[in-house]
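Chemist: Supplied in structure tokens, the structure appears directly below.
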Amino acid sequence: MMSVERLPPPKNRTVAVITVSDSASSGLRKDVSGAKVAEVLRAHKFKIVSTEIVADEVARIQQAILRGAAKARLVVTTGGTGIAARDVTPEATRPLCEKLIEGIAERMRSESAKKTAFAALSRGVCGIRSKTLIVNLPGSPSGAVDSLQAVIDQLLHAMDLLAGNTEHTSSAPSRD
């Protein structure tokens, strides 16, 4: 765990949670993943500034990410990262990012692979748009939570760096 002095100030711990799901956006299914992700983020002292549910369509996902990035330092999507025809969240996310952070997505898949071989089918990406971090999580509630928990310390550190705190200290999280 990171020491308290390394954490971004609470005002900078803003997050927008976006659920990408045709069935949830049409009201056919309850959004469980977005709620679980928000619960984990609140436990880590994030302030949820918006939640949204959108259909699996590139333009709608991009619009939601841009709305979230205008309000929050972290945008987390859940859903649409698989290989089905309608899974297009990575395709919507990539062009919005100025830089991709492959290591965060790799860590999520690596940690998830310890629980399920299907983790290899997740195509979620992580990147930066200005000073906002964007992270794609899987759509299953357990996959979303496990992936988020696997990288929460890295997300906090990345947000700290994006806020301009680039000083190297001995309290930085260890690299497993």
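Chemist: Going by what's in this entry, would Val58 be described as surrounded by 21 or more Cβ atoms within 10 Å (Cβ to Cβ), β-branched (Val, Ile, Thr) and at pLDDT 95 or above?
Modeler: Working: surrounded by 21 or more Cβ atoms within 10 Å (Cβ to Cβ): no; β-branched (Val, Ile, Thr): yes; at pLDDT 95 or above: yes.
Spelling it out, it is not the case that Val58 is surrounded by 21 or more Cβ atoms within 10 Å (Cβ to Cβ), β-branched (Val, Ile, Thr) and at pLDDT 95 or above.
Chemist: I need the full set of residues from the range 94-146 which are part of a strand (DSSP E or B) and out of contact with any Leu (no Cβ under 9 Å at 6 or more places or on another chain), in order please.
Modeler: Correct list: Lys99, Leu100, Asn136.
Chemist: Against the definition (at pLDDT below 95, out of contact with any Lys or Arg (no Cβ under 8 Å at 6 or more places or on another chain) and under 22 Å from Gly34 (Cβ atoms)), how does Ser170 come out, yes or no?
Modeler: Spelling it out, it is not the case that Ser170 is at pLDDT below 95, out of contact with any Lys or Arg (no Cβ under 8 Å at 6 or more places or on another chain) and under 22 Å from Gly34 (Cβ atoms).
Chemist: Which members of the range 50-93 meet the condition of being under 13 Å from the mean Cα position of the chain (by Cα) and in a helix (DSSP H, G or I)? Let's see the steps before the verdict.
Modeler: First pass over the range 50-93, keeping only residues under 13 Å from the mean Cα position of the chain (by Cα): 51, 65, 68-69, 72-81, 89-90, 93.
Of everything in the range 50-93, those that are under 13 Å from the mean Cα position of the chain (by Cα) and in a helix (DSSP H, G or I) turn out to be Ile65, Gly68, Ala69, Thr89, Pro90, Thr93.
Chemist: Here is a list: Ile83, Ile104. Which entry is at pLDDT 95 or above, exposed (fewer than 11 other Cβ atoms within 10 Å of the Cβ), out of contact with any His (no Cβ under 9 Å at 6 or more places or on another chain) and not small (Gly, Ala, Ser)?
Modeler: Within the list Ile83, Ile104, the selection yields Ile83.
Chemist: For the range 17-35, how many residues are crowded, with 20+ Cβ neighbours inside 10 Å, touching a helix residue (DSSP H, G or I) at 6+ places or on another chain (Cβ under 6 Å) and touching a residue at least 60 places away in the same chain (Cβ under 8 Å)?
Modeler: First pass over the range 17-35, keeping only residues crowded, with 20+ Cβ neighbours inside 10 Å: 17-21, 24, 31, 33-34.
Narrowing further to those that are touching a helix residue (DSSP H, G or I) at 6+ places or on another chain (Cβ under 6 Å): 17-20, 31, 33.
Of the ones still in play, those that are also touching a residue at least 60 places away in the same chain (Cβ under 8 Å) are 17-20, 33.
Residues that pass the stated criteria total 5.
Chemist: Moving on. How about the range 43-65: which of its residues are farther than 15 Å from Val88 by Cα and touching a Lys or Arg at 6+ places or on another chain (Cβ under 7 Å)?
Modeler: Lys45, Phe46, Lys47, Ile48, Val49, Ser50
The values are calculated or read from the model by the stated rules, or taken from the named source; none is laboratory data. Predicted model only: the values in this text are computed from it and were never measured. All Cβ positions, glycine included, derive from the backbone under ideal geometry; neighbour counts span all protein chains shown.
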